[in-house]
Amino acid sequence: MYKSVKNGLELKYNICKMNHFFKNIVILCVTGLCGNFVYAQQLKPVQDSILFYLIKVAGREIKDFKTNNRNIPETDWQNAVLYAGIVSVEKIDNDKKYNDLLYGIGTGNNWNTGPHRFFADDYCIAQMYTQLYMQCQDQKMIAKWKELADSIVVHRFEEPLKVVPGLNYREWAWCDALFMGPPGLAYLSTALNDNKYLMKADSLWWKTTEYLYDTTEHLFYRDSRFFDRKEGNDKKIFWSRGNGWVMAGLVRMLENMPAYFSHRKKYIMLLRQMGDKVIRLQQPDGSWHASLLDPGSYKEKETSGTALFCYALAWGIDHGILSKKKYLPSVEKAWSALIAAVHSDGTLGYVQKVGDKPTATDYNSTGAYGVGTFLLAGSEIYKLNKN
């Protein structure tokens, strides 16, 4: 049954693409907008280059995934971030291998999330399920996620966020959770046209933000354990990837937020505050190091944090929230730093290993989640160049 549905979707997509192509040709011929056509032709090599790296890196990771080289559970957050990136590439490169992989993962998991029901990491995969549902309108893709989301909506999250054993299984008590948890609820609101999921995500978002956001530095602590800790240069510890998770989660919330939503302006203000801060912390090569306020402590670039910042800033520019003049140079430099970390076989290097604080990395260090962030960044820059 899936093959017939998928074939139908591919046929509809191809017809739409053809109609869009011929419509643009007619407009060009009728209006004589030669300048726009020349401009589009100039952009094409840039887009082709971006697409080349997206296909190269995604292809390498899919190959690794199929051979299960990393032996990570399919519902694990590390893979869920990869799926988010693959979904974004699929929208650009209409190759059935992406959808086949994602559909196979969903089917193999019976469209269920991870084992810990209120643990944000374990329902990060719901972002992919919901995005596939929006393409296929197949209820089984979100049935179990909706059941869990409904229980999240009615649950009272009333514990303080100071870290105690097991707290992360019950509350969004660490900044990474703002990518793992709220976007899945926000996408479900979009898919079902029901704002109750977005509203719950919003209330929990601001609970975490009020606790972990440093209003002076405009950065997030990873969790309460870092409030009083310092780097070697006596600066506060702000983890690059952790803050990248926040900014990426923020734009995915905005992507699913109606213009009339009561707190939308707060999210925009937060994106602008953090964006202004992080571009001032960008290194000369375009990257961000693992420790934002003490980049010398870990002198090598770190690609997962860099990609998350790049993704969020590019999204902000593309949606008119961030100034193109101010932020585009940072995005372009970040993309250059990212592609310089791609090996000849498509492996992405300089990905800091799984952790909760700044640590060292190197050219050969990689991870599925790092690839996912790279794909999110590249896909957004591709759209930015297209527009």
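Things to note:
- Proxy reagent accessibility, fewest Cβ within 10 Å first, across THR130, THR107, THR209: THR107, THR209, THR130
- A simple spin-label model places the labels of ARG272 and LEU192 3.4 nm from each other, with each point 7 Å out along Cα-to-Cβ.
- Reported to the nearest whole Å, the Cα centre-to-centre distance from the stretch 169-198 to the stretch 251-301 is 19.
- The length gained by stretching the chain between ASP362 and TYR169 to full extension, at 0.36 nm per residue less their Cα-Cα distance, is 66.4 nm.
- Loop-located trypsin sites (Lys or Arg not before Pro) across the stretch 290-387 with a Cβ neighbour count of 10 or fewer within 10 Å are LYS299, with loop assigned by DSSP.
- Each Cα pair under 8 Å and six or more residues apart adds its separation to the average, and for the chain the resulting relative contact order is 19 percent.
- For the stretch 346-387, backbone nitrogen atoms closer than 18 Å to the point 7 Å from SER336 Cα along Cα-to-C-beta are found at 378, 381-382, 385.
- When only the Cβ of Lys, Arg, Asp and Glu is charged (+1, +1, -1, -1), the dipole of the chain relative to its Cα centre reaches about 720 debye.
- Qualifying lysines (Cα of each under 23 Å from Cα of LYS333; at least 8 residues distant if same chain): LYS44, LYS56, LYS277, LYS299, LYS301, LYS324, LYS325, LYS383, LYS386
Only the coordinates and a few stated rules stand behind these numbers; no lab work does. Fair warning: this is a prediction, and the values are worked out from it, not measured in the lab. A quick note on method: Cβ atoms are made from the backbone with ideal geometry, for glycine too, and the neighbour counts reach across all protein chains shown.
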